[in-house]
Amino acid sequence: MEKVQADIQHLAQTIGIRPPLSQEEYEAGQYVLSRLREIGLTDLQEQPFYSIRRIGERLGFTTLVANFGILIGAIGSGKSRLLRLLGVTLTLVAHHNLRRALMGRAPLGEWFWPQRRSHNIIARLPSQSNQAQARVVLLAHLDTDTARFSAQPPIRPYSPYLFSSLPALAFAGALLTALNAPVWLRRMVSALMIGQAGLVMADEIGSASPGANDNASGVALLLQLAEELTQHPLADTEVVLAFTGCETAGCNGAAELAAKYGKEWASAWWLVIDSVGAGELCWVTEHGWAADFGSRYHSDPDLMCILEQVAAANPTLGIMGRPLMTVNAVRPLVANGCKAAAVMGYERAGNTPTQWRQTGDTPAILNPATQQRAYEFIQAILAKIDEDTPKK
């Protein structure tokens, strides 16, 4: 695993922090491209896309729309049904957009918000046969997150309510406006939304996380797999490696990948590799915040069945399925109809990856034994899928 360690060191220390849309995120993508070419791959693609910089921009703008709707509804109370109807409509649109944001979909009208260019790196590794009978897409994100106060252990149990109750508040605002409820009650809902949106945006102001575990570890493992599969391709299964951008700005790179290839690769298995450098390992059965206001989502049951069979056949790896209080690229994948799941590392105490969204996410916390187990598990998954693929 020496090359894995070298790749992690280069991404997390030589390049350093890699925020969405930054020069460092771009350099990480170019480093991955150079490594793939060095390995000998030629079927490489850069998929450009445009993205917002932070998830707080998405939630903050939508919250402003909701509050504008409540304000218009209050102005029209007892005077103009048209104004009240407009207020209800705007607030319901905001509610819909907040739910879309939590489910990994871009809100309606996001084109209005300033965006910049990012990119995904896609590598295709053919099977031994001329025509592959199965396809597996492995994803790992290139960018890093902010060290958030919501991820600190004392605050973590309460952070679900910080994000996922915004749609419920927007719906409450629409309902109160439609019922012509007292203005003071609508103002209270509006104040709660503004306060929560402010906290969400403030959550992204902290120092950047170096991202050794989240997710240089995942990128490095995919590069190691690229080398292995170049030398020893699967018999009847094509493997696609996707290194995605802007994951921490709303999983936008994965969303663009699914939007372009989801239908074309409808029969493919999509597996997200994230934060597999330290802690225990699992496949994630249920993702999202503990407070379920439309933010929870589940991995594909058929793919989880395969993962369970592989884990049972390899008990020494000590990998099991469990829910985690995280959001990742599985969210936009399942929203686009992809058969997706995630393999992740986690801390037992925190139910999140080790040093998740913290400044301590450096190469020093990584455990080579955990990385080796993750690598062997992914190899076993690929072998199982290839073995079960009907032969022509």
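The values are calculated or read from the model by the stated rules, or taken from the named source; none is laboratory data. Please read these numbers as outputs of a predicted model, since none were measured by experiment. Cβ atoms come from the backbone with ideal geometry, glycine included; neighbour counts cover every protein chain shown.
Being buried (at least 21 other Cβ atoms within 10 Å of the Cβ) and touching a Cys at 6+ places or on another chain (Cβ under 9 Å) is a property that holds for GLY345.
Table: residues versus (1) part of a helix (DSSP H, G or I); (2) in contact with a helix residue (DSSP H, G or I) (Cβ under 6 Å, 6 or more places away or on another chain); (3) surrounded by fewer than 24 Cβ atoms within 10 Å (Cβ to Cβ); (4) in the same structural domain as GLY250 (by TED's automatic domain parsing).
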position: SER159; (1), (2), (3), (4): yes, yes, yes, no
position: ALA168; (1), (2), (3), (4): yes, no, yes, no
position: LEU175; (1), (2), (3), (4): yes, no, yes, no
position: ASN180; (1), (2), (3), (4): no, no, yes, no
position: ASN215; (1), (2), (3), (4): yes, no, no, yes
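One residue stands out in region 223-266 among those that are small (Gly, Ala, Ser) and buried (at least 24 other Cβ atoms within 10 Å of the Cβ): the one that is nearest to GLN128 (Cα to Cα), namely ALA242.
Residues in region 112-126: is at least one closer than 30 Å to GLU227 by Cβ and basic (Lys, Arg)? Yes, region 112-126 has at least one match.
In the set ASN351, ASN328, only one residue is assigned by TED's automatic domain parsing to the domain that holds CYS251, under 13 Å from the mean Cα position of the chain (by Cα), in a loop (DSSP other than H, G, I, E, B) and not acidic (Asp, Glu); that residue is ASN328. One residue alone among GLU46, GLU25, GLU38 is without any contact (Cβ under 8 Å) to a residue 12 or more places away in the chain and closer than 30 Å to ALA220 by Cβ, and that residue is GLU38. Picking from residues in region 44-53 that are touching a strand residue (DSSP E or B) at 6+ places or on another chain (Cβ under 8 Å) and surrounded by 17 or more Cβ atoms within 10 Å (Cβ to Cβ), the one that is modelled with the lowest pLDDT is ARG53. Regarding region 103-113, can at least one residue be identified that is of a type in the set (A, V, I, L, M), without any contact (Cβ under 8 Å) to a residue 60 or more places away in the chain and buried (at least 20 other Cβ atoms within 10 Å of the Cβ)? No, region 103-113 contains no residue that is of a type in the set (A, V, I, L, M), without any contact (Cβ under 8 Å) to a residue 60 or more places away in the chain and buried (at least 20 other Cβ atoms within 10 Å of the Cβ). Determine if region 37-51 includes at least one residue that is in contact with a helix residue (DSSP H, G or I) (Cβ under 8 Å, 6 or more places away or on another chain), over 18 Å from ILE121 (Cβ atoms), outside the structural domain of VAL183 (by TED's automatic domain parsing) and in a loop (DSSP other than H, G, I, E, B). No. Evaluation of SER127 against the conditions (1) in a helix (DSSP H, G or I); (2) surrounded by fewer than 22 Cβ atoms within 10 Å (Cβ to Cβ) shows that the sole unmet condition is (1).
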